[in-house]
Amino acid sequence: MERLRDLSCEPARLNSLTPVAEQPLHRALGLTDGELHRIRDLLGREPNHFELAVFSLLWSEHCGYKHSAPLLKRLPSSGERVLQGPGENAGVIDIGDGLAVAFKVESHNHPSAVEPFQGAATGVGGILRDIVAMGARPIALLDGLRFGSPGFMFKRAVAGIAHYGNCTGIPTVGGETVFDEAYEHNCLVNAMCLGLLPVERLTRARARGSGNLVVLYGATTGRDGIGGASVLASQELAEGADEKRPSVQVGDPFTGKKLIEASLELVDGGLVASLQDCGAAGLASALAEMARDGAGVDVSLDQVPLREDAMEPWEIMISESQERMVAVVEPGRLAEVQAVLDKWELHHAVIGSVSNTGDLRCFFAGDLEGAIPASLLTDECPRYEVEQEPRPPRARTAIAAANRESKAWIYEQYDQLVQSRTVRRPGLDAAVLRLLPSYRGLAISLDGPPVGELDPFVAGAKAVLGAARNVACAGGEPLALTDCLNFGNPEKPEIGWELAQAIEGIAQAAEALGIPVVSGNVSLYNETDGRAIPPTPVVGCVGLVANVRRIPSRWRSGDAILVAEAGESVAEQAALIEFLWRSAPVLSLAHDLSDGGLERAIAEAAAWSGTETKVELPANPAGAAAVLAVSADQAAGLGWERLVQIGEVA
Amino acid sequence: MSGGRGTSAARVAVVQLPGVNCEAETARALERVGLDAEVFRWTRPVAELSRYQGYVLPGGFSYQDRVRAGALAAKDPLIAELGAAAERGKPILGICNGAQVLVESGLVPGGDVVEIGLARNRMPDRTGYYARWVHVRVERSRCVFTSTLEPGTVVPLPVAHGEGRFTARDPERIPALVRAGQTPLRYATVRGAVARDFPANPNGSEAAVAAVCNAAGNVLALMPHPERAQDAGAVSRSVGGAWGERSQNAHAAGPGLFLFEALARHILEA
């Protein structure tokens, strides 16, 4: 066994991560004293600084879900369509005809708070690579944005999303935008991507086959984003957040596009045994995930193509430089893999090999820098049962006027049509993409709780129901969900309670709909100076449209305008959603009632249809859930008891 | 994408410079009208370009739009080869970023010097990238790509760009191109009047010009995206008129297909 370099007497080597003087290294890295003891116990020795840096990243909340994992078990995640549930780069469901859909929503809140353009852009880039790592071609992006106001920060985030999505040629087809003072210092940038793949191309991250080669390809590695997962994503922001700017990654969609095409060509050719993106915590996370099921990986960090001189081994290991992927390749296929990567003019290098030791062993110029059983980094990540203490009920805050204004100026900056699949575009409920060459389609929505909702259970349930109702209004049968849980510091009992309650709300709504949550992400520590954001679970829903030629579009002259009402319970709401998608083929329009109520929903439906019309608003529109338009002769045959006709299209 | 219904006599290269991202749907539109489309990537030998009967430069962000959109791509050896093909009369269509490349290289409107440019959009109260459906009106011209439609026909097409304003240092240059019949498509209202104002003229283009061709009519720089309008179902509800009504039929031929049909007819009848 190679001798481990003793770095513990060289504290200066990690000094760029120790901005606060006179504190122990593990604390500067974001590890608690207890976690340091656990590392010592598990390793049976003192970790060196390289190893400590790797542990700090993998055991961060962002990578390790140490506060949220026990709670997330509550979510239903199985079903006959599920090909891949939580735990991989993205969830994957079978949509029939030999096709599958990979999708996931992920947060990039803290980087966006520090530098909104690059933070949002790399949020898009990161979620794209997660989808590509499953062997899927990204075909749609959606964004959940919550900001204090539509000011400079917000505009820069929108520009960042447009920059990355437009340049890579992935249409941005939906999402939600909310302005609320509560997000003034903790903006939320959640990005969802959906990709399409033939079922048999499903690719996973787990390394297979001792002796297979580990190939790193894409962009070169630099010092950008060092410590992003632990420093940015897993701590509260406070005064001086600007000093964290060096931890924000910089995106390059130009390379991102080449990376997508090269990766899919590798997958199509059957040239890779597994694929993993280099996201949060860079190589450390990618390699630990690959090695977790007992395979083991040996990596030579001096082989990594660099863009900066004199990088330390630990810097190379945890750099979050964007547009990089890691593939496991059988030695006999290496030449073909290299030919594909050369064709796309991407950097690439064999940086290691798969072993059978179960260890993640990192070398630099022959020296062993660190050796950690991979399972310690992933499976042995500490799990904390969060303390829970109900927060006293608070009054809903007022809805900011900016929320009532048209959002067209936002999505007009996004390319909504590239790839030419978009049948129904942003602006009303869910977008619909056609599954060429068939007439089947996908309806997709990303939705959060109503503005100002402070009850976490209601927030969770309404996020799910809102997303599913949007999909149903566009003619889609909801199939599966993905969730991004944006909360404050889970070490505070009232936040722990909010998190648990919101997960319960999501779980009950998902169960009522009979659909699983197949992927997701947790963004905790959304606090500034001790003030947390409201509980904000943001949920993506994917639905199947049987025939894109028969989806609700716009109302026509002579149509009856109806309001569908439903009770507040998740069961009644779920029943309404089923009614909506089942009725969709005969409806000329269906539109979900969101925060603005019935009057606003009718105004939006009229604008979408291009025909103003007069309706009589019910005196008491309580329970109103959707506006429908249908030809007069069909109106009687709709199978929903609580339908109220409020007018007809002139 | 390759192996369409066309014969090898009707092969069209979809030229993909690094950063181009509309290659797949552009190839699909070409195959749809019976041409054999092949994505031709920048890493292939330039000499292989001569095998094709026509060329399309699709949309995207070639060379990251560095300096100006299309400026670096215009210096690519592939473009010099396309210039030679243009002189021999082969048809070349540049869409959006492809149009920017053709303008930056001087292939459009033709001649020895770069005469016109595609400047940043000029829009009231906003800057940058702008995506929406607009209408264009077919003008009288010798352009190959609009030869199948009568002058005056109004067609909805989507635009999506940040630098799409046709302009020139000489204020008489664009009007002269209009008079010379080298502006085969201009932004228009749904009723067919030339669109002077935003958003019908989505970028402030001089004389509402949406496309410029060379004097011979075989090279066209087109800012809207016809390949995104190849299916009727893609047409926005906001478009209105006959195309808006037809948008219920998802796979029926869309309003953008006519440019590709004209290309196919030109090649197959040559």
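Report yes if some residue within region B:1-22 is among the hydroxyl-bearing types (S, T, Y), in contact with a strand residue (DSSP E or B) (Cβ under 8 Å, 6 or more places away or on another chain) and surrounded by 21 or more Cβ atoms within 10 Å (Cβ to Cβ); otherwise report no.
There is no residue in region B:1-22 that is among the hydroxyl-bearing types (S, T, Y), in contact with a strand residue (DSSP E or B) (Cβ under 8 Å, 6 or more places away or on another chain) and surrounded by 21 or more Cβ atoms within 10 Å (Cβ to Cβ).
Each row is one residue, and each column tells you yes or no for (1) within 31 Å of the chain's Cα centre (by Cα); (2) buried (at least 19 other Cβ atoms within 10 Å of the Cβ); (3) among the aromatic types (F, W, Y).
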residue	(1), (2), (3)
A:P305	yes, no, no
A:I316	yes, yes, no
A:E336	no, no, no
A:K343	yes, no, no
A:S353	yes, yes, no
A:L360	yes, yes, no
A:R383	yes, no, no
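Which one of A:S420, A:S445 is touching a strand residue (DSSP E or B) at 6+ places or on another chain (Cβ under 9 Å), within 14 Å of chain B (Cβ to nearest Cβ) and of a type outside the set (A, V, I, L, M)?
Matching residue, one of A:S420, A:S445: A:S420.
Which ones in region A:509-524 are in contact with a Phe, Trp or Tyr (Cβ under 8 Å, 6 or more places away or on another chain) and not aliphatic (A, V, I, L, M)?
Correct list: A:S519, A:S523.
Determine if region A:94-111 includes at least one residue that is in a helix (DSSP H, G or I) and farther than 16 Å from A:D483 by Cβ.
For region A:94-111, residues in a helix (DSSP H, G or I) and farther than 16 Å from A:D483 by Cβ: present.
Could you list, ordered by first residue, the pairs with Cβ atoms under 6 Å in which the first is in region A:570-587 and open to solvent by 10 Å² or more (accessible area, probe 1.4 Å) and the second is among the polar types (S, T, N, Q) and in a helix (DSSP H, G or I), at least 6 apart or interchain?
If the second residue must be among the polar types (S, T, N, Q) and in a helix (DSSP H, G or I), the pairs left are A:V570/A:Q508; A:V586/A:Q634.
Which ones in region B:136-163 are in contact with a strand residue (DSSP E or B) (Cβ under 6 Å, 6 or more places away or on another chain), among the β-branched types (V, I, T) and more than 14 Å from chain A (Cβ to nearest Cβ)?
If the condition is that a residue be in contact with a strand residue (DSSP E or B) (Cβ under 6 Å, 6 or more places away or on another chain), among the β-branched types (V, I, T) and more than 14 Å from chain A (Cβ to nearest Cβ), then B:V136, B:T146, B:T153, B:V154, B:V155 are the ones that fit.
Could you tell me whether region B:215-237 includes any residue that is open to solvent by 20 Å² or more (accessible area, probe 1.4 Å) and among the polar types (S, T, N, Q)?
no
Scanning for something out of contact with any Phe, Trp or Tyr (no Cβ under 8 Å at 6 or more places or on another chain) and assigned to a loop (DSSP other than H, G, I, E, B), does region A:476-486 turn up at least one residue?
No, there is no match, as no residue in region A:476-486 is out of contact with any Phe, Trp or Tyr (no Cβ under 8 Å at 6 or more places or on another chain) and assigned to a loop (DSSP other than H, G, I, E, B).
Inside region A:519-564, can you point out the residues that are touching a Leu at 6+ places or on another chain (Cβ under 9 Å), charged (D, E, K, R) and within 14 Å of chain B (Cβ to nearest Cβ)?
A:R554, A:R556, listed by residue number.
Looking at this structure, is A:Y414 within 13 Å of chain B (Cβ to nearest Cβ), of a type outside the set (A, V, I, L, M, F, W, C) and within 25 Å of the chain's Cα centre (by Cα)?
yes
Which ones in region A:598-631 are acidic (D, E) and touching a helix residue (DSSP H, G or I) at 6+ places or on another chain (Cβ under 8 Å)?
Passing the criteria: only A:E612.
Please go through region A:510-531 and pick out each residue that is part of a strand (DSSP E or B) and either buried (at least 24 other Cβ atoms within 10 Å of the Cβ) or of a type outside the set (D, E, K, R) (or both).
Correct list: A:V517, A:V518, A:S519, A:G520, A:N521, A:V522, A:S523, A:T528.
Would you mind stating whether A:A273 is over 21 Å from A:V132 (Cβ atoms) and open to solvent by 10 Å² or more (accessible area, probe 1.4 Å)?
So A:A273 fails the test.
So is A:D33 without any contact (Cβ under 8 Å) to a residue 24 or more places away in the chain, out of contact with any strand residue (DSSP E or B) (no Cβ under 9 Å at 6 or more places or on another chain) and not β-branched (V, I, T) or not?
Judged against the criteria, A:D33 is a match.
The values are calculated or read from the model by the stated rules, or taken from the named source; none is laboratory data. What you see is a predicted model, and the numbers here were worked out from it, not measured in a lab. Ideal geometry is used to build each Cβ from the backbone, glycine not excepted, and the neighbour counts take in all protein chains shown. Heads up: the accessible areas ignore ligands, DNA and RNA and are worked out on the full protein's heavy atoms, side chains in. Shrake-Rupley method; radii C 1.70, N 1.55, O 1.52, S 1.80 Å.
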